[in-house]
Amino acid sequence: MKKFLQVGLGIVTSVGGFLEIGSITTAAQAGAGFGYQLVWSIALGTVCIAFLVEMSGRFAACSKRTIPDAMRERFGANFFAILLLVMLGVSLLVLGAEIGGAAAAVELATGIALPVWVIPVAVVSWLLLWRATFGVIENGVSMLGLVTIVFAVAAVKAHPSYAEIGAGMLPTLPHGDTAKYWFTAVSVLGASISPYLYYFYSSGAIEDKWDASYLGANRGIAALGMGFGGFLSLAVLVLAAVLFHPIGKDVQDYHDLTQLVTPLLGRTGFWLFVAALGIACLGATLEIALSLAYLVAQGFGWKWGEDLEPRDDARFSVTYTLLLVVGAILPLIGVDPLKLTEISMALTAASLPVGVLPFLILMNDKEYLGKKTNGRIGNAVVLCISVMALVLAVVSIPLEVLGS
Amino acid sequence: MSLHLVADVLDEQLRDRNGANAGRVDGIILLLRDGEPPVVTHVEVSPITLLARFNRRLGRWYARRDARLGPGRGVPYRIPWPNLRREGTTLRFDEDVESTPINAFEDWLRRTIVERLPWS
């Protein structure tokens, strides 16, 4: 019964933690720009992150090690330094986008300009990390994130063409604006396959003291949690495809995002959207800051743990504090969260192989996993999607930058 | 039991006698002997050693900064090889990490930043 409850809670938190400004924005841009044609990118991204989350939980449960710990041990300090620099570079941009997204939600609610709210958002995030336990952050904030179900409710009310959604599952070539099509596809992939998500999940499994008896629960959480999360991203794409695409409306500003639900759910929809954006971005801010602090602390062998008092793991606590300060700089100086999201999601996709390929090597190492190493399907799926994301990113980012 | 120094020792997680994380093996000290195979004498645990692996000047720069933290600082901490034993996938050494300078930077951060922040 206890395990059953944990699976349920795990699924709920995965759903609540899936959607953030990256997935909301990129799915909305995909729907607005190309109707249902980019549904496949959400499907591919969701399948890939479900596999990666399952693998990271299995790795932690079987080896009792976290991913960064094993990466430094298996591949040495030079490789770890590259991984750290790439992850910090890309994830700090994403962190800035999430802090900006949460501040944008407060601006929508109050009418007071976004930059005013950046420091309060960063301080609230820091306070939660400083004082709350891992359980409060993992379950509490993600539970509140369930308000993102508003997108699914609105999508059903929009009466979309289910046949066209089905047809969009198959990748097709763009009818026009090729560079934007592939750039949007790459951004959707980057938003779905967020490395911080599976690093966070793996460290959480260690914090929650998982062992091999959790493998079944882990599979259920990864498949259902990520599956429902992907479904919510799809709902955002569907809303943009129904409401924005026919009238040629593009998503150029985060104010445009409110129009995804208000025409269908009215004033209540507006407030639910504001709550969904604010909570989802706040949750992602906490997860990214924690994930990066885990990465640093585990890679250098420090004491770490969200359940410890800050004075007991000072380096870990100061690390996430500094990350929040640095992450807040870009939205504070006025960089538009939407623009920051676009570029950071594409860069996330481009950087995927740096973290994913060595992780796959670990997942096939019997020293860590014994008999629970990866099967061929898991290896093939994650390898193909990650390499595809890299190739698409390398081609589409320069085209998009030149085009704009 | 044979150990591969790079695969099984370098960059491994270190734990102290109480099981607390105590950094990683950042370097290995070998004694070279005429006509005889080298022997491992110590392992080093220090950002000085780690940074010097990337760039020697970087290591020297950090050592100068570290020296300002107090007497005995500015040089890597060495653990005698006989004090180490392998337990599963980690290396354990027979000391309390709090009695070594390994956590000196953590202690400095605690005193100068963490304890001065609210709600700590």
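The values are calculated or read from the model by the stated rules, or taken from the named source; none is laboratory data. Given the structure is predicted, the values throughout are model-derived calculations rather than measurements. Quick reminder, even Gly has a Cβ in these numbers, built from the backbone with ideal geometry, and neighbours come from all protein chains shown.
Checking the conditions here, which among A:Glu342, A:Glu287 is of a type in the set (D, E, K, R), closer than 14 Å to A:Gly96 by Cβ and in a helix (DSSP H, G or I)? Among A:Glu342, A:Glu287, only A:Glu342 is of a type in the set (D, E, K, R), closer than 14 Å to A:Gly96 by Cβ and in a helix (DSSP H, G or I). Take the conditions (1) in contact with a strand residue (DSSP E or B) (Cβ under 8 Å, 6 or more places away or on another chain); (2) more than 14 Å from chain B (Cβ to nearest Cβ); (3) not basic (Lys, Arg); A:Leu332 misses just one of them, which is (1). May I ask you to verify whether B:Arg73 is loosely packed, with under 14 Cβ neighbours inside 10 Å and at pLDDT below 95? Considered against the rule, which asks whether it is loosely packed, with under 14 Cβ neighbours inside 10 Å and at pLDDT below 95, B:Arg73 comes out as no. Residue count for region A:293-313 under the criterion of being small (Gly, Ala, Ser) and either outside any helix (DSSP H, G or I) or facing chain B (nearest Cβ under 7 Å) (or both): the result is 2. Listed by first and then second residue, the pairs linking a residue in region A:345-362 that is free of Cβ contacts under 8 Å to residues at least 40 places away in the same chain to a residue that is of a type in the set (A, V, I, L, M), with Cβ atoms under 6 Å apart and 6 or more places separating them unless they lie on different chains, are A:Pro353/A:Leu390. Can you confirm whether region A:175-188 contains a residue that is within 30 Å of A:Pro68 (Cβ to Cβ) and small (Gly, Ala, Ser)? For region A:175-188, residues within 30 Å of A:Pro68 (Cβ to Cβ) and small (Gly, Ala, Ser): present. Please go through region A:108-123 and give me each residue that is surrounded by fewer than 18 Cβ atoms within 10 Å (Cβ to Cβ), within 28 Å of A:Thr262 (Cα to Cα) and out of contact with any Gly (no Cβ under 7 Å at 6 or more places or on another chain), ordered by number. Passing the criteria: A:Ala109, A:Thr110, A:Gly111, A:Ile112, A:Ala113, A:Val116, A:Pro120. Taken together, the residues in region A:58-81 that are on the phi < 0 side of the Ramachandran plot and within 9 Å of chain B (Cβ to nearest Cβ) amount to 12. When A:Leu362, A:Leu357, A:Leu383 are screened for being at pLDDT 85 or above, buried (at least 18 other Cβ atoms within 10 Å of the Cβ) and of a type outside the set (Lys, Arg), only A:Leu362 passes.
For region A:146-165, indicate whether the set of residues that are farther than 29 Å from A:Thr268 by Cβ, modelled with pLDDT of 95 or more and out of contact with any Pro (no Cβ under 6 Å at 6 or more places or on another chain) is non-empty.
Yes: one or more hits.
Any chance region A:148-158 includes a residue that's more than 25 Å from A:Ser351 (Cβ to Cβ), within 14 Å of chain B (Cβ to nearest Cβ) and either among the aliphatic types (A, V, I, L, M) or surrounded by fewer than 24 Cβ atoms within 10 Å (Cβ to Cβ) (or both)? No. When restricted to residues that are among the acidic types (Asp, Glu), more than 15 Å from A:Glu73 (Cα to Cα) and under 16 Å from the mean Cα position of the chain (by Cα), region B:1-59 contains 2.
Exactly one residue among A:Val395, A:Val325 is within 14 Å of chain B (Cβ to nearest Cβ), more than 19 Å from the chain's Cα centre (by Cα), part of a helix (DSSP H, G or I) and surrounded by fewer than 17 Cβ atoms within 10 Å (Cβ to Cβ), and that residue is A:Val325.
Would you mind stating whether A:Lys372 is within 14 Å of chain B (Cβ to nearest Cβ) and under 18 Å from A:Arg58 (Cα atoms)? No.
Considering the conditions (1) surrounded by 24 or more Cβ atoms within 10 Å (Cβ to Cβ); (2) within 14 Å of chain B (Cβ to nearest Cβ); (3) of a type outside the set (Phe, Trp, Tyr), A:Leu85 is excluded by exactly one of them, (1). Of all residues in region A:31-52, those satisfying the criterion of being within 17 Å of the chain's Cα centre (by Cα) and either over 20 Å from A:Glu367 (Cα atoms) or basic (Lys, Arg) (or both) are A:Ser41, A:Ile42, A:Ala43, A:Leu44, A:Gly45, A:Thr46, A:Val47, A:Cys48, A:Ile49, A:Ala50, A:Phe51. Of the residues A:Asp256, A:Asp250, the single one that is surrounded by fewer than 22 Cβ atoms within 10 Å (Cβ to Cβ), of a type in the set (Asp, Glu) and either in a helix (DSSP H, G or I) or in contact with a strand residue (DSSP E or B) (Cβ under 8 Å, 6 or more places away or on another chain) (or both) is A:Asp256.
Of the residues making up region A:64-82, those that are part of a helix (DSSP H, G or I) and either among the aliphatic types (A, V, I, L, M) or buried (at least 21 other Cβ atoms within 10 Å of the Cβ) (or both) are A:Ile67, A:Pro68, A:Asp69, A:Ala70, A:Met71, A:Arg72, A:Glu73, A:Ala77, A:Phe80, A:Ala81, A:Ile82. For A:Leu129, the conditions (1) surrounded by 18 or more Cβ atoms within 10 Å (Cβ to Cβ); (2) in contact with a Gly (Cβ under 9 Å, 6 or more places away or on another chain) are fulfilled apart from (2).
Counting only helices (runs of 4 or more DSSP H) that sit completely within region A:100-215, those holding 3 or more residues that are farther than 21 Å from A:Phe228 by Cα, touching a helix residue (DSSP H, G or I) at 6+ places or on another chain (Cβ under 8 Å) and not aliphatic (A, V, I, L, M) correspond to A:114-131, A:178-192.
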